[in-house]
Structures are given as C-alpha cells and as structure tokens.
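**Student:** Below you'll find the structure I mean.
The values are calculated or read from the model by the stated rules, or taken from the named source; none is laboratory data. Keep in mind it's a predicted model, so treat the numbers as computed, not measured. Ideal geometry is used to build each Cβ from the backbone, glycine not excepted, and the neighbour counts take in all protein chains shown. To get the accessible areas, we keep the full protein, side chains included, count just its heavy atoms, and leave off ligands, DNA and RNA. Shrake-Rupley method; radii C 1.70, N 1.55, O 1.52, S 1.80 Å.
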Amino acid sequence: MNEADALRAAALLESAGLRPVAHADDASFLLLNTCVVRQQAEDKALGRLRHVAELKRRNPDRVVALMGCLVGRISREQDALHGRFPFVDLFLPPSDLRPLQRFLRERGFPVPDDMTHDDFLPPPLPDSQTGRSIVAHVPVVLGCSHACTYCVIPYRRGGERSRPSADILAEVEALASRGVREIILLGQIVDRYGLDRPGEIRLPELLRRTARVPGIARVRFLTSHPRWVTPELIAAVAGTPGLCPYFEVPVQAGSDAVLAAMRRGYTVAEYEALIGRIRAAIPRAGLSTDIIVGFPGETAARFNDTLALMDRLDPDMIRIAKYSPRPLTWSARHLPDDVPDTEKERRRVALEAALRERLTRKHAPLAGQPVELLVETIEKTGRRYGRTPDYKPVFVEGSDAAPGDLLQARLTWAGPFSFIAEPA
Ligand code: 5AD
C-alpha cells in the first residue's frame with residue numbers, strides 16, 4: 001500500500017514538472033513516506049527523518065514533505081508533528097495526495113485542478129516516468145475498521161472506505177494503456193471490497209472485470225482476512241483466466257487462545273478449513289500468510305502450536321513479525337508485553353528456519369518442471385526476472401523475452417525462496 005502511495009506521489013510531482021535525481025542531497029523536493037505498523041518500521045522512518053533533517057539544514061531552500069502513517073489522518077496530531085519535526089514543510093496523511101496537490105498549485109506548479117476522481121487519490125498520470133512498470137498496485141479499499149487488538153492501522157489510515165469500481169476500472173485501463181500487464185488490487189482487508197458501498201459490486205466481480213481489461217494478463221489481490229474469503233471469491237479465482245491462483249491470508253497465530261486475544265474472529269480449525277476449501281477448488285494455489293510471534297500471553301507451548309500449524313498448512317511464504325505494542329491499540333493499553341525480546345527473536349528464527357527447511361524440501365521436486373512467468377525486469381547479467389502465477393520468483397537464463405512477455409520456461413534449480421530456469 002505504501003509503495004502504491006509513494007508511486008502516486010512521485011507521479012504527481014512529475015506531472016508538476018519535477019524530475020527524479022539519483023541522490024537525496026541533490027533534490028530540491030524530498031518526500032519521505034512512512035510505515036508505523038511495527039516499532040521497527042517506525043524506528044526506520046525516524047532514522048531516515050534524522051537524515052532528511054540534516055539535508056534540510058544543508059540546504060534550507062529545499063522542500064521536505066512527510067507522508068504516511070507517521071503523519072496519520074487526524075489534524076490535531078499533525079499540529080504536534082509540527083513541533084516535533086519543525087524542518088518538515090508539508091505533512092501528508094496516508095493515501096491522500098490532495099494536500100500535496102494544493103501545495104504545488106499554491107507555489108505556481110502546473111497541477112490540474114480536477115485530478116481527483118474520487119475522494120482519496122489522484123488517478124495515475126499517463127505521461128509519468130515513475131512507476132512505469134509491468135506490475136501495478138491499485139488500492140481498492142482504504143483504511144480498515146476491523147479491531148485486531150495489536151493493529152495500529154485503523155488509527156493511522158482511518159476507517160474502511162472502498163473506492164468506486166468505476167474509478168478503479170478507469171485506472172486499470174489507464175495503466176494497461178501504459179503497458180502494465182499485471183494488476184494487484186490492494187486493501188487491508190481486500191476481500192471486504194464493496195461491503196461499505198451500497199449497490200457496489202463485490203471483489204469477485206471486480207476481479208473478473210479487471211481481468212477483462214485489454215492488455216491485462218494477470219490479476220491478484222491482497223490482503224485477505226480469513227472471515228471474508230467467500231465461496232464466490234474462491235470460485236472466481238478458480239474459474240477466471242488471468243486471475244492468479246494465489247492467496248495472501250494472514251493467520252497471525254496457531255493458538256486459539258492467542259487468536260482470541262488478538263480478536264481475529266476465527267479459530268485455527270476454521271482457518272484450516274478455509275485453506276482446505278481453497279486447495280480443493282484450486283489445487284495449485286499459492287498460499288502466503290503472516291505470523292506475529294511473541295504476542296502477549298503466547299507461551300512457549302502456544303508458539304509450538306504455531307509451528308505445528310505451519311507443518312499442517314504447508315504455506316508458500318510466511319511474513320514473520322515480532323510483536324511490538326503500538327500506540328492506542330487495545331493490546332498496548334491492556335495486555336502486558338510479557339514475552340522478552342530474546343524469546344521473540346528465538347521464535348522468529350525458529351519459524352524462519354522451519355519455513356526455509358520446508359520450502360527447500362517442497363521445491364526440490366519442481367526442478368525440471370515447466371512454468372510460465374510474466375517477465376518484469378531484465379537483470380544486469382541478462383537474466384529475465386518474473387513470477388509464476390502462484391507468485392514464485394524465477395530468474396531465466398538465456399532468454400531474449402521482453403518485460404511484459406509471458407515466458408514459458410523450465411526450472412533448472414529450485415531454492416527455498418527463488419528459482420532458476422531456462423526457456424522451454
Ligand atoms: N506487532 C507486530 N506485528 C504486527 N503486524 C501488525 N501489527 C503488528 C504489531 N503490533 C503484522 C501482522 C500484519 C502485518 C502487516 O504486520 O502480521 O499482518
């Protein structure tokens with residue numbers, strides 16, 4: 001989502017006549033986008049911000065804009081930010097570029113007035129240099145209203161708002177006309193698309209319509225909440241050419257007690273039943289999940305339940321995070337952060353090692369198998385890089401395919417997290 005926001009900001013700046021430079025120190029306009037979903041991300045943003053402060057000291061004429069979840073959507077808090085970061089000229093909430101538009105216009109930059117088709121984001125600019133790529137992320141649900149006890153997103157990105165499908169599809173058409181071949185529809189809970197808009201279509205139909213846009217070869221969607229993955233959604237993915245067999249469905253923990261304390265709204269058995277339904281309908285579906293280790297009350301035994309779940313689930317990727325209390329969240333206010341960091345780190349490493357070992361074994365028999373990838377980039381060494389429909393990264397040696405081509409290849413090497421192939 002932040003990548004999508006940042007590319008839109010870059011496109012807006014380019015439309016105003018600004019051009020990218022290689023080094024931050026050469027920039028007359030600096031925009032820093034930020035994530036605060038975990039303490040680590042916030043620390044990284046604050047570290048970068050110290051560097052930006054130094055750059056501003058060196059050249060006070062340059063404009064500094066701070067964007068994203070560190071800013072948030074509440075203007076009362078933004079006043080406090082002015083005091084905290086006096087060197088910042090402009091504060092921008094997540095996924096909302098209207099203040100940047102206003103700022104540029106007030107300074108005489110040629111920014112069109114009516115760029116905003118919906119309330120939240122300007123559409124992509126057809127002549128933008130930035131983000132001209134094969135794969136494009138398109139936010140379709142902004143914010144989130146689910147009350148997972150650990151999660152700061154509702155406080156930073158605001159409540160759930162689906163964008164009108166007409167705007168989304170117009171944007172997809174504009175992207176396709178610029179050569180984009182793959183669309184990834186985004187939402188914090190993407191499978192709730194349309195539920196907050198009476199009369200709007202739902203995610204399965206939005207996916208089908210996106211896949212029908214001329215030029216679009218592949219469509220994905222993330223991230224799904226297990227409670228909202230409907231039979232209609234699974235059937236749409238199973239039955240629509242171009243809809244990739246790939247699900248990102250965070251489970252977060254393998255213990256019912258921990259899931260209840262997280263207020264996730266499902267049990268381990270319900271989650272496993274859902275994955276069973278997905279795999280029954282789409283045997284080759286890729287599955288990616290998120291896990292938080294060291295949530296309050298996660299005993300060693302409960303963590304072992306998560307390890308055991310991973311064995312039964314056999315996911316294709318796990319994004320592992322160590323729990324960190326986030327401001328305003330229920331868990332930060334009411335639950336003691338009772339797992340020491342050394343133990344969180346032990347659990348993170350154990351889960352990562354288990355995943356690496358599983359994927360090494362799972363992938364080994366794939367060597368020699370045919371795959372189709374959508375070529376995204378050409379590396380300096382000439383290798384073509386792209387992903388399979390189920391989202392495995394593949395590097396192809398000895399191919400002259402162009403970015404945007406669908407390339408038939410045969411795997412020659414299978415690692416836990418990537419593959420090497422030759423043209424088939
Ligand atoms: N601490 C650790 N991880 C978190 N995530 C969200 N909030 C927290 C937190 N407070 C993780 C979840 C989510 C992913 C985007 O970040 O696993 O799915």
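**Student:** Looking at (1) closer than 28 Å to Trp413 by Cα; (2) in contact (Cβ under 8 Å) with a residue 12 or more places away in the chain, which is the only condition Ala353 fails?
**Tutor:** Going through (1) closer than 28 Å to Trp413 by Cα; (2) in contact (Cβ under 8 Å) with a residue 12 or more places away in the chain one by one, Ala353 breaks only (2).
**Student:** Report whether or not Arg62 is at pLDDT 95 or above, among the basic types (Lys, Arg) and surrounded by 15 or more Cβ atoms within 10 Å (Cβ to Cβ).
**Tutor:** So Arg62 fits the description; yes.
**Student:** With the checklist (1) of a type in the set (Gly, Ala, Ser); (2) part of a strand (DSSP E or B); (3) touching a helix residue (DSSP H, G or I) at 6+ places or on another chain (Cβ under 6 Å) in hand, flag the one item Ala321 doesn't pass.
**Tutor:** Failed condition: (3).
**Student:** Further, regarding this structure: I'm checking my understanding of the structure. Among residues of the range 1-35 that are touching a Lys or Arg at 6+ places or on another chain (Cβ under 8 Å) and either of a type in the set (D, E, K, R) or open to solvent by 70 Å² or more (accessible area, probe 1.4 Å) (or both), which one is farthest from Val64 (Cα to Cα)?
**Tutor:** It comes out as Asp25.
**Student:** Being open to solvent by less than 50 Å² (accessible area, probe 1.4 Å), farther than 19 Å from Phe221 by Cβ and not charged (D, E, K, R) is the filter here, so list the residues in the range 372-385 that pass it.
**Tutor:** Across the range 372-385, the qualifying residues are Leu373, Val375, Gly382, Tyr385.
**Student:** If I ask for residues that are within 10 Å of the ligand (Cβ to nearest atom), buried (at least 18 other Cβ atoms within 10 Å of the Cβ) and not small (Gly, Ala, Ser), which ones from the range 323-354 would you list?
**Tutor:** Listed by number, the residues that qualify are Tyr323, Arg326, Thr329, Lys344.
**Student:** A follow-up question, please. Return yes or no: is Asp290 under 25 Å from Pro416 (Cα atoms) and surrounded by fewer than 20 Cβ atoms within 10 Å (Cβ to Cβ)? Spell out the reasoning first.
**Tutor:** Details: under 25 Å from Pro416 (Cα atoms): yes; surrounded by fewer than 20 Cβ atoms within 10 Å (Cβ to Cβ): yes.
Spelling it out, Asp290 is indeed under 25 Å from Pro416 (Cα atoms) and surrounded by fewer than 20 Cβ atoms within 10 Å (Cβ to Cβ).
**Student:** Also, I was wondering about something else. Counting only residues that are within 18 Å of the chain's Cα centre (by Cα) and polar (S, T, N, Q), which one in the range 132-187 is farthest from the ligand (Cβ to nearest atom)?
**Tutor:** Ser133
**Student:** Could you tell me which of the residues Thr289, Thr306, Thr299, Thr240 is without any contact (Cβ under 8 Å) to a residue 24 or more places away in the chain and not charged (D, E, K, R)?
**Tutor:** Thr299
**Student:** Let me ask something else about it. (1) hydroxyl-bearing (Ser, Thr, Tyr); (2) at pLDDT 90 or above; (3) within 28 Å of the chain's Cα centre (by Cα): which one isn't true of Ser28, the others all being true?
**Tutor:** Condition not satisfied by Ser28: (3).
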